[in-house]
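Please treat every number below as a calculation from the coordinates, not as lab data. Treat the numbers as computed from the prediction; the structure is a model and nothing was measured. Cβ atoms come from the backbone with ideal geometry, glycine included; neighbour counts cover every protein chain shown.
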Amino acid sequence: MPFWVHNASESVSGICGSCAVDRALCITQQGYYLRVACPDKFRDGEILRDFRNRARTARQAAAPIITDAKFTELDQLVEFSNDFHHDTNPAADTAALYKTQLQTFVGRTLAFVTV
């Protein structure tokens with residue numbers, strides 16, 4: 001288990017520390033998959049939400065920049081992580097994330113970045 005997942009999961013009642021995990025997963029998604037697998041599509045300084053929105057617009061214009069399956073998964077991952085991001089939730093530091101949610105999110109993120 002990655003260190004950030006293990007450390008974040010050491011909380012009472014199955015509630016995990018969400019912000020550190022969310023940041024680590026965003027770095028994984030942005031840094032590995034989008035910047036390495038899609039360097040011509042993911043712009044410097046762009047964040048996942050911006051890329052997702054641009055990918056949605058491209059899909060609607062019938063000029064997709066990622067596959068439909070990747071877009072759907074990215075959209076769901078971004079929406080899930082919004083609860084743990086300060087730009088979309090001012091109370092992100094106190095948002096509850098349960099171990100089962102975390103494990104599912106980590107698994108889906110790792111599957112998403114697998115090229």
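Legend: calculated FRET efficiency, Val36 to Ala61, from the Cβ-Cβ distance at R0 = 22 Å, rounded to 0.05, equals 0.30. Under 5 Å from the amide H of Tyr98 lie the amide H atoms of Cys16, each residue being 5 or more positions distant or on a separate chain, with H modelled from the backbone and absent for Pro and chain starts. Electrostatic bookkeeping for Phe42 treats Lys and Arg as +1 and Asp and Glu as -1; over the other residues with beta carbon under 15 Å from its beta carbon, the sum is +4. The residue among Asn89, Leu110, Gln76 whose Cα reaches farthest toward the positive pole of the charge dipole of region 60-115, with charges on the beta-carbon of Lys, Arg, Asp and Glu, is Leu110.
Couplings 3J(HN,Hα) for region 101-113, derived from phi with the Karplus relation 6.51 cos²θ - 1.76 cosθ + 1.60 (θ = phi - 60°), are 5, 4, 4, 5, 4, 4, x, 5, 5, 5, 5, 4, 7 Hz, where x marks Gly and Pro.
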